[in-house]
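Written out below as structure tokens is the structure these notes cover.
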Amino acid sequence: MEIERKFLIKKENLPDLTEYPYHQIEQGYLCTEPVVRIRRQDEQYYLTYKSGGLLSREEYNLPLTRNAYEHLCPKADGIVISKTRYLIPEKNGLTIELDVFHNDYEGLFLAEVEFPTEEDAKQYTPPSWFGEDVTYSAKYHNSNMSKGVNISG
């Protein structure tokens, strides 16, 4: 089960990212209802299934080989999303996953925080540098962004 909240971040509010570990991520969607995603994270490859939902949803990851990923990538519908994900320690043992998008979504900064329970997620107080809470806005799901949705405004 994936339980997470999402927040927009303004560029001028970004912390200094040079001190945090990161991953280079590329991902495409073979299907968006239900979500079936392929992902390259650094040199690891995955096939992911996600159920519907906003705050919480089921998620299953299966390993892929590089060859399988490269075979499936041209079959992805819409935009293949490219981003750098920074891992920033947060209070109570949580981690902020800060996605800095490239290419089609250059200039978008989206922070996600995953929680062990829905109660923890609902009680979470984000840091002051976080912007708008977009947890309940499906347009910020990467699966919808892969369709080229307009995220401005």
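The residues of region 140-151 that are more than 12 Å from the chain's Cα centre (by Cα) and either of a type in the set (D, E, K, R) or not in a loop (DSSP other than H, G, I, E, B) (or both) amount to a single one, LYS147. Here is a check on your reading of the model: is GLY107 open to solvent by 30 Å² or more (accessible area, probe 1.4 Å), under 29 Å from ASP16 (Cβ atoms), touching a residue at least 40 places away in the same chain (Cβ under 8 Å) and out of contact with any strand residue (DSSP E or B) (no Cβ under 6 Å at 6 or more places or on another chain)? Yes; evaluated as a whole, the condition is true for this residue.
With the condition kept exactly as written, say whether any residue in region 121-132 is in a helix (DSSP H, G or I), in contact (Cβ under 8 Å) with a residue 60 or more places away in the chain and surrounded by 14 or more Cβ atoms within 10 Å (Cβ to Cβ). There is at least one residue in region 121-132 that is in a helix (DSSP H, G or I), in contact (Cβ under 8 Å) with a residue 60 or more places away in the chain and surrounded by 14 or more Cβ atoms within 10 Å (Cβ to Cβ).
Selection over region 1-34 of residues that are β-branched (Val, Ile, Thr) and open to solvent by 60 Å² or more (accessible area, probe 1.4 Å) gives a count of 1.
Residues that are part of a loop (DSSP other than H, G, I, E, B) and either basic (Lys, Arg) or in contact with a Lys or Arg (Cβ under 6 Å, 6 or more places away or on another chain) (or both) within region 9-48 comprise just one, LYS10. Considered as a group, the residues in region 49-78 that are in a helix (DSSP H, G or I) and basic (Lys, Arg) include one that is most open to solvent (accessible area, probe 1.4 Å), and that residue is ARG66.
The values are calculated or read from the model by the stated rules, or taken from the named source; none is laboratory data. All values derive from a computational prediction rather than experimental measurement. A quick note on method: Cβ atoms are made from the backbone with ideal geometry, for glycine too, and the neighbour counts reach across all protein chains shown. These accessible areas exclude ligands, DNA and RNA; they are computed on the full protein's heavy atoms, side chains included. Shrake-Rupley method; radii C 1.70, N 1.55, O 1.52, S 1.80 Å.
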